[in-house]
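Asks: Sharing a structure, written as structure tokens. Questions coming.
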Amino acid sequence: MARPKPRLKPAAPAPQGPLGLVVEMLGIEAMVRFDDDTQAAGGPGLPDEPTSPGASAPSFRALLSRSVSKRSGVVVGDKVRCEAIAEPGEGPAWAILSVEPRERSLVKPDFSGRLQVVASNLDHVVIVVTPNDPPLRLGLVDRYLAAAHAAGIAPMICLNKADLDQDGEALKALSPYPSLGIPVFPTISRGPVAGMEAIQAALAGRRSVLVGHSGVGKSSLACALIPGLERRIGDVNETIGRGRHTTTASRLLELVGGGELVDTPGVRAFGLFGVEAAELSTLYPEFVERAASCRFRECTHIHEIRCAVQAAVQAGEIDQGRYERYISIHESLLKGD
């Protein structure tokens, strides 16, 4: 006699609470923006606009449920399902039950080497650099570009404080990138503002994340792109005791004319998560189009003979400096850095 099949435990029903957008993270709390229908239906909680400058709609405090904290965490840009947990005036009125599937997330390793999502559901990564304050670090740029290509996010470069590039050396150093389909936008975001029209047009209607070394002026760039943002940030910082232009947590801002901007804290270094040394070359578009002509199918483009990529470097078709930085990043991945 055939043994009866064990009964399968029915799957837990998916949370069906209202859908919101995470616009800022505050420890174990998030600022969530709901659509108009949710609030019209009488959702609880008082809007807390001061912690979400640059937003046309109010946002609400929401606690992370224990299951969400353990499983996926929550980051700016996430779409989340929520439920009401308190009456107005009793602290966070919402709890985040689940995170909708993410698309095009920028990721990096945290201090322990585990996955850390910087922001999710992105269209652009804007790598902000300066000529010399802080110094232009092309190795950091190439790491961000590799991470963007791995995630399928379109990258662009913003040369902020462009007035400091008096000899044109910074623009010259960035000149190989436009030929790779990576636009470069010179801007001046403090004092007499300049160069904002072109980058604003590129960002319109998209969700973009600002990334870069500490001190490159990401927050001042956001203020230059969003009229009135500096005043609102100043009002918030007087309340919470934060430096006027010091970004300590990511936040989502709305651009005039459509589109969203995620401002992130500055970094000193940026690691690649989940990228093996053997696949690094696939994140360099100028390498990919030539790799089929290499003698060896798994060519690293470093020491092999009859390598089409090395030949292109020698012929001046691939930038020598970018190729040397590729070798450096490749070596660091081999070491597990």
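The values are calculated or read from the model by the stated rules, or taken from the named source; none is laboratory data. Since this is a predicted model, take the numbers as computed values, not measurements. Glycine gets a Cβ as well: all are built from the backbone with ideal geometry, and neighbour counts include every protein chain shown. Just so you know, the surface numbers come from the protein's heavy atoms only, side chains and all, with ligands and any DNA or RNA stripped out. Shrake-Rupley method; radii C 1.70, N 1.55, O 1.52, S 1.80 Å.
Asks: So in region 223-266, with the set limited to residues that are in a helix (DSSP H, G or I) and open to solvent by less than 10 Å² (accessible area, probe 1.4 Å), which one is modelled with the lowest pLDDT? If you could, list the steps in order and put the result at the bottom.
Replies: Here is the first cut: in region 223-266, the residues in a helix (DSSP H, G or I) are 223-225, 229-240.
Keeping just the survivors that are open to solvent by less than 10 Å² (accessible area, probe 1.4 Å) gives 225, 229, 233-234.
Working: L225: 93, L229: 83, I233: 49, G234: 43.
Ranking the candidates gives G234 first.
Asks: Another question about this same structure. Which condition does R143 not pass, out of (1) within 18 Å of the chain's Cα centre (by Cα); (2) farther than 20 Å from L283 by Cβ, if it passes all the others?
Replies: Failed condition: (2).
Asks: Next up: Looking at this structure, is S220 open to solvent by less than 30 Å² (accessible area, probe 1.4 Å), part of a strand (DSSP E or B) and not β-branched (V, I, T)?
Replies: In short, no.
Asks: Determine which member of the set A62, A146 is of a type in the set (A, V, I, L, M), buried (at least 20 other Cβ atoms within 10 Å of the Cβ) and part of a helix (DSSP H, G or I). If you could, list the steps in order and put the result at the bottom.
Replies: Numbers: A62 fails: part of a helix (DSSP H, G or I).
Only one candidate passes the filter, namely A146.
Asks: Report every pair of residues separated by at least 6 positions or lying on different chains whose Cβ atoms are under 6 Å apart, first residue within region 207-230 and closer than 18 Å to V23 by Cβ, second at pLDDT 95 or above and in a loop (DSSP other than H, G, I, E, B).
Replies: If the second residue must be at pLDDT 95 or above and in a loop (DSSP other than H, G, I, E, B), the pairs left are R207/L122; R207/D123; V209/L122.
Asks: Now for a separate question. Going through region 170-195 one residue at a time, which ones are closer than 19 Å to E286 by Cα and hydroxyl-bearing (S, T, Y)? Walk me through how you get there before you give the answer.
Replies: Looking only at region 170-195, we keep the residues that are closer than 19 Å to E286 by Cα, and these are 172-184.
Selection gives S175, Y177, S179.
Asks: Next question, about the same structure. Hey, could you check region 77-109 for residues that are touching a Phe, Trp or Tyr at 6+ places or on another chain (Cβ under 7 Å) and open to solvent by less than 50 Å² (accessible area, probe 1.4 Å) and say which is modelled with the lowest pLDDT?
Replies: A93
Asks: Same structure, new question: Being within 23 Å of L253 (Cβ to Cβ), modelled with pLDDT of 90 or more and not in a strand (DSSP E or B) narrows it down to one of V74, V32, V22, so name that one.
Replies: Criteria check complete, one pass: V74.
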